[in-house]
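Report on one structure; see the data block that follows.
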Amino acid sequence: MEPLTIIIVAVIIIFPILLVKEAKKQKKTSIPLFENYAKSHNWTYMQEDDGTVQNLAKDLQGIGRFNSPSLGKIAPENVIIGSVPKGRIHYFQHHVRISEGNAIHLNVCLLQLKNTICDALIVRFKKESSRLTNELYTMPELELDQNWSKDVVIYGNYTDINEVLDDITLTKIVEKANELPWRIDLQIKNNLVAVYIAERNASVENESDLSALKDFTEYVAGSIQR
């Protein structure tokens with residue numbers, strides 16, 4: 001067998017093992033944080049999703065993937081479910097495999113509202129990033145006014161983004177997003193609003209981070225909801 005072939009085969013075999021080990025390490029580290037946060041709010045905590053999050057998030061682009069060719073079923077972990085004034089809040093951590101040797105670890109806050117906001121919309125906040133790679137989304141990128149090109153990339157099936165997100169609302173949301181300690185992506189699908197950290201080496205570190213995700217998610221829902 002050629003040396004290059006041996007290396008490729010080794011990577012294919014070893015990568016899933018390393019992914020599982022890293023997932024277990026992160027899960028063990030995050031359990032006290034998520035569990036304690038749930039207890040402090042009298043919310044439900046599960047080390048592994050019982051199907052609730054998977055059923056909700058299955059139609060969300062990118063983050064709604066719960067299977068891997070090499071690992072099989074991958075269930076979200078460190079799940080928190082509770083009630084807030086605007087609806088049902090769901091926190092979870094999840095690994096999504098993009099391609100062989102390429103996976104991302106997601107920290108998600110998902111808000112289930114009583115009423116639908118829009119069909120499907122994704123907002124990626126640049127937060128001083130000049131260029132964002134797209135490994136998750138398949139909806140077309142929308143043409144925006146040049147004033148917004150430095151702040152956001154938006155995907156959706158709209159001829160006029162102002163039908164869903166006007167300039168005043170977008171201004172407020174961008175300002176709030178820039179106050180967060182990490183770069184985030186926002187996804188809206190029917191009555192779901194999902195906010196998640198979009199930096200590979202960033203994660204929630206404390207209860208203040210979890211609250212920041214929740215507060216921003218609720219703010220977006222309140223700002224866009226008609």
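The values are calculated or read from the model by the stated rules, or taken from the named source; none is laboratory data. These figures come from a predicted structure and were not determined experimentally. Cβ: placed from backbone, ideal geometry, glycine included. Neighbour counts: every protein chain shown. Heads up: the accessible areas ignore ligands, DNA and RNA and are worked out on the full protein's heavy atoms, side chains in. Shrake-Rupley method; radii C 1.70, N 1.55, O 1.52, S 1.80 Å.
Taking θ as phi - 60°, what are the ³J(HN,Hα) couplings along the stretch 36-46 by the Karplus curve (6.51, -1.76, 1.60), each to the nearest whole Hz, with x for Gly and Pro?
5, 5, 4, 4, 5, 10, 6, 9, 8, 10, 9
From the C-alpha coordinates alone, can you work out the Kirkwood hydrodynamic radius of the stretch 28-82, in Å? Each step should come with its number before you reach the end.
Working: mean 1/r = 0.0824 Å⁻¹.
About 12.1 Å, per the Kirkwood formula over Cα pairs.
Using alpha carbon coordinates only, what is the Rg to Rh ratio of the stretch 68-226, with Rh defined as the Kirkwood radius? Spell out each step's value before the answer.
Details: Rg = 15.4 Å, Rh = 16.4 Å.
The Rg/Rh ratio comes out at 0.94.
Got a sec? Charge dipole of the stretch 140-226, +1 on Cβ for Lys and Arg, -1 for Asp and Glu; which of 220, 193, 178 is way out at the positive end?
Of 220, 193, 178, it is 193.
Based on the mean of other beta carbon atoms within 10 Å per residue, what is the order of 198-208, 34-44, most packed first?
Per-residue Cβ counts within 10 Å, averaged per peptide and sorted highest first, yield 34-44, 198-208.
To the nearest 20 debye, what is the magnitude of the charge dipole of the stretch 105-167 about its Cα centre, counting +1 on the Cβ of each Lys and Arg and -1 on the Cβ of each Asp and Glu? Numbers along the way, then the final one.
On the way: 6 positive and 11 negative charges, 79 e Å.
Using Cβ point charges on Lys, Arg, Asp and Glu, the stretch 105-167 gives about 380 debye.
How do the peptides 153-164, 210-221 rank, highest first, by the average count of neighbouring beta carbon atoms within 10 Å per residue? Don't skip to the answer; put the middle values down first.
Details: 153-164: 15.5, 210-221: 20.2.
The packing order, highest mean first, is 210-221, 153-164.
Can you tell me the alpha carbon radius of gyration of the stretch 63-146 divided by the globular rule-of-thumb value 2.2 N^0.38 Å? Numbers along the way, then the final one.
Details: Rg = 15.6 Å, N = 84, 2.2 N^0.38 = 11.8 Å.
In units of the globular-protein estimate, the stretch 63-146 measures up at 1.32.
Got a sec to turn the phi values of the stretch 57-67 into Karplus ³J(HN,Hα) couplings, 6.51 cos²θ - 1.76 cosθ + 1.60 with θ = phi - 60°, whole Hz, x for Gly and Pro?
Using θ = phi - 60°, the values come out as 8, 4, 9, 7, 5, x, 7, x, 9, 10, 9 Hz.
Heavy atoms only, probe 1.4 angstrom, no DNA, RNA or ligands counted: give me 86, 126, 58 ranked by accessible area, highest first.
Numbers: 86 75, 126 30, 58 120 Å².
Greatest to least solvent exposure: 58, 86, 126.
At q = 0.16, 0.18, 0.21 Å⁻¹, what log₁₀ I(q)/I(0) does the stretch 151-221 have when each alpha carbon counts as one equal point scatterer in the Debye sum?
So the normalised log intensities work out to -0.60, -0.75, -1.00.
Pulled fully out, how much extra length does the chain show between residue 163 and residue 68, if you take 0.36 nm times their separation in residues and subtract their Cα-Cα distance?
On the way: separation 95, 0.36 × 95 = 34.20 nm, distance 3.67 nm.
Gain on stretching residue 163 to residue 68: 30.5 nm.
Assign one of three labels to the stretch 104-173, namely rounded, prolate or oblate, based on the Cα gyration tensor with a ≥ b ≥ c the square roots of its eigenvalues; rounded applies when a/c is under 1.5, prolate when it is not and a/b is larger than b/c, and oblate otherwise.
Values: a/c = 1.43, a/b = 1.05, b/c = 1.37.
Judged from the Cα gyration tensor, the stretch 104-173 comes out rounded (a/c under 1.5).
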